[in-house]
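**Q** Attaching a single structure in structure tokens format; questions to follow.
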Amino acid sequence: MNTRHRIVFLLLASVMIVSVYACGKKKPPFIPKTRFPFYVQLLKARIENGTVILKGYVIGPEAKKGENLPPVLGCRVYIASFGLDVPPCEGCPIEYRRYKEITGVVSGKNFECPLPDITEKGIYFFQVHLTGPGNAMGPPSDRAKLVINKDL
């Protein structure tokens, strides 16, 4: 085997090895089996006793007599943070880079969610999706903004 054949052979072998490990079985995107119609409206963020609290109202379809609506199990809170010296422009899209899964946030029509681990100075944006049975998520809430000027 001459040098040219060796190079072609090594190149083809490398491509095959990489493609075998890089190509896994991927599932197609799916829509949850159950629709979850509940969402949070009038979301507000404030600081109470040194803890960030999100509050709002749960909106959903009205139950007809004899109809069982799925329970709200919790929520997924999306969080975006910025330094005080680099605020995002008004109206710009916000990229939420982290989220928290929290349970037990609904009491009747009231939504209340504590976020005790947010303690640093900055500009924070929050958006909430209520969650139900079977990992179903409701539509997103409106966006809440909170500016923290001092350490909590």
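**Q** Six or more apart or on different chains, Cβ atoms under 9 Å: show the pairs whose first residue is in the stretch 84-96 and surrounded by fewer than 10 Cβ atoms within 10 Å (Cβ to Cβ) and whose second is modelled with pLDDT of 85 or more.
**A** From residues that are surrounded by fewer than 10 Cβ atoms within 10 Å (Cβ to Cβ), the pairs are VAL86/ILE123; GLU95/ALA80.
**Q** Can you name the number of the only condition in (1) part of a strand (DSSP E or B); (2) under 15 Å from the mean Cα position of the chain (by Cα); (3) farther than 19 Å from VAL58 by Cα that GLN127 fails?
**A** (3)
**Q** Okay, next question. Looking only at the stretch 107-136, which residues are in contact with a Lys or Arg (Cβ under 9 Å, 6 or more places away or on another chain), among the hydrophobic types (A, V, I, L, M, F, W, C) and at pLDDT below 90?
**A** Residue satisfying the conditions is ALA136 alone.
**Q** Still on this model: From the set of residues in the stretch 48-105 that are aromatic (Phe, Trp, Tyr) and not in a loop (DSSP other than H, G, I, E, B), which is modelled with the highest pLDDT?
**A** Per the stated criteria, the residue is TYR78.
**Q** So, in the stretch 1-19, how many residues would count as being surrounded by 10 or more Cβ atoms within 10 Å (Cβ to Cβ), of a type in the set (Val, Ile, Thr) and at pLDDT 75 or above?
**A** 2
The values are calculated or read from the model by the stated rules, or taken from the named source; none is laboratory data. Model, not experiment: these values are computed from the prediction. Counting neighbours? That spans all protein chains shown, and the Cβs are built from the backbone with ideal geometry, glycine included.
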